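Reading through the structure tokens given below for one structure.
The values are calculated or read from the model by the stated rules, or taken from the named source; none is laboratory data. It should be emphasised that the depicted structure is a prediction, and the values quoted were computed from it without experimental measurement. All Cβ positions, glycine included, derive from the backbone under ideal geometry; neighbour counts span all protein chains shown.
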Amino acid sequence: MSSGGEVGRAHDPALEHGEDAGRFAFGENWLKFVGSLSELKIGRAEQSLRDLLGRDTLQGARFLDAGCGSGLFSLAASRLGAIVCSFDFDENSVRAAEALRARYAPMADWTITQGSVLDRPWLDSLGTFDVVYSWGVLHHTGDMWRALENVAGLVRPAGALCVAIYNDQGLPSRMWKGVKRTYNALPPPLRFLVLWPAAVRLWGPTVVRDALRGDPLRTWRAHDMDDPRGMSPDVDLKDWVGGYPFEVATPARLTDFYARRGFTRTTLVARTGIGCNEFVFRRAG
């Protein structure tokens with residue numbers, strides 16, 4: 001039984017061309033996030049994973065968390081009985097996941113590595129998996145369609161691929177992409193110039209509505225416990241505004257993309273706004 005893998009950074013060809021410039025430091029957010037976790041939030045993550053996969057257990061299944069972030073859903077998969085392999089491009093995300101494992105699952109069969117989903121030779125060295133899970137990650141790589149292609153090759157015959165990709169809203173998506181690019185181009189002390197107006201845009205109507213009911217921050221406080229991914233509203237806000245690179249896709253386009261690669265869509269949780277569409281695809285046996 002493995003309690004963790006050696007952290008070794010996989011080669012990312014994109015970095016040779018300077019494509020890492022302007023990338024949001026997701027890992028800094030995740031390091032702060034892991035300190036706020038509780039058994040209740042972990043339990044909700046487990047239930048979210050059960051609901052998405054339509055399975056009560058992952059006993060003995062090989063589970064890959066591609067872009068593991070805080071490691072919360074790797075932990076959830078481990079508690080459901082899976083043999084877990086996690087990786088993330090961001091060094092601080094790897095550190096966050098390791099801290100989570102050390103605190104909640106020190107004896108779990110769970111390896112954590114630093115690597116890139118764009119590095120196909122390195123990915124191939126990981127083998128194949130019964131479940132490949134990549135929630136809200138591949139649209140931040142700078143080459144979403146190549147990343148979507150790469151994770152498909154890691155799914156065993158009859159295995160499941162779970163991805164969540166930002167919904168393509170047309171013009172609003174292009175406008176948010178500009179906001180995100182601007183946020184990351186600014187020096188950190190000046191990023192509030194983008195973050196605060198975005199917060200007003202995203203949260204203003206809700207705060208006003210709650211204020212009319214006598215409690216302006218009711219929804220803000222509830223978000224921390226209601227969000228199935230366990231994210232506090234401030235972490236969620238910064239993650240959204242800063243999340244760059246940024247790409248989007250319609251459900252129809254993504255479904256067609258994977259159908260041409262031998263996958264059948266079994267689950268779709270569709271969004272109409274700025275959130276992620278959630279998919280489960282089943283590879284032909």
### Message
Just to be sure before I move on: is L118 touching a helix residue (DSSP H, G or I) at 6+ places or on another chain (Cβ under 6 Å) and farther than 22 Å from R271 by Cβ in the structure I sent?
### Response
yes
### Query
Do you know which of the residues in the range 141-172 that are in contact with a strand residue (DSSP E or B) (Cβ under 7 Å, 6 or more places away or on another chain) and not aliphatic (A, V, I, L, M) is nearest to V131 (Cα to Cα)?
G159
### Unmet criterion (only one of (1) among the hydroxyl-bearing types (S, T, Y); (2) in contact (Cβ under 8 Å) with a residue 24 or more places away in the chain; (3) within 21 Å of A25 (Cβ to Cβ)) for T182
(2)
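Yes or no, residue by residue, for (1) in contact with a Leu (Cβ under 6 Å, 6 or more places away or on another chain); (2) buried (at least 18 other Cβ atoms within 10 Å of the Cβ); (3) at negative phi:
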{"site": "G142", "(1), (2), (3)": "no, yes, no"}
{"site": "W145", "(1), (2), (3)": "no, no, yes"}
{"site": "L148", "(1), (2), (3)": "yes, yes, yes"}
{"site": "V155", "(1), (2), (3)": "yes, yes, yes"}
{"site": "L161", "(1), (2), (3)": "no, yes, yes"}
{"site": "Y166", "(1), (2), (3)": "no, yes, yes"}
{"site": "R181", "(1), (2), (3)": "no, no, yes"}
{"site": "L186", "(1), (2), (3)": "no, no, yes"}
## Note on the structure
If we keep only residues of the range 98-124 that are touching an Asp or Glu at 6+ places or on another chain (Cβ under 7 Å) and not hydroxyl-bearing (S, T, Y), then the residue nearest to R55 (Cα to Cα) is I112
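Okay, residues lined up against (1) among the polar types (S, T, N, Q); (2) in contact with a Leu (Cβ under 6 Å, 6 or more places away or on another chain); (3) farther than 17 Å from A160 by Cβ:
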position: T206; (1), (2), (3): yes, no, yes
position: T219; (1), (2), (3): yes, no, yes
position: P233; (1), (2), (3): no, no, yes
position: A284; (1), (2), (3): no, no, no
### Task
Scan the range 200-208 and give yes if some residue there is closer than 28 Å to F73 by Cα and not hydroxyl-bearing (S, T, Y), otherwise no.
yes
### Task
Please work out if A97 is under 18 Å from the mean Cα position of the chain (by Cα) and crowded, with 24+ Cβ neighbours inside 10 Å.
yes
### Query
Of the residues that make up the range 206-222, is at least one closer than 30 Å to Q47 by Cα, surrounded by fewer than 13 Cβ atoms within 10 Å (Cβ to Cβ), modelled with pLDDT of 80 or more and out of contact with any Lys or Arg (no Cβ under 9 Å at 6 or more places or on another chain)?
no
### Task
Determine if the range 217-231 includes at least one residue that is touching a helix residue (DSSP H, G or I) at 6+ places or on another chain (Cβ under 6 Å), hydrophobic (A, V, I, L, M, F, W, C) and not assigned by TED's automatic domain parsing to the domain that holds D90.
yes
### Query
Taking into account only those residues within the range 263-285 that are outside any strand (DSSP E or B) and in contact with a strand residue (DSSP E or B) (Cβ under 6 Å, 6 or more places away or on another chain), which is surrounded by the fewest Cβ atoms within 10 Å (Cβ to Cβ)?
G285
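So which of S173, S134, S116 is of a type in the set (G, A, S) and under 18 Å from A77 (Cα atoms)?
On the way: S173 fails: under 18 Å from A77 (Cα atoms); S116 fails: under 18 Å from A77 (Cα atoms).
The conditions single out S134.
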### Query
Is there any pair linking a residue in the range 241-268 that is at pLDDT 95 or above to one that is surrounded by fewer than 13 Cβ atoms within 10 Å (Cβ to Cβ), with Cβ under 7 Å and at least six apart or on different chains, and which?
P251/A270; G262/A284
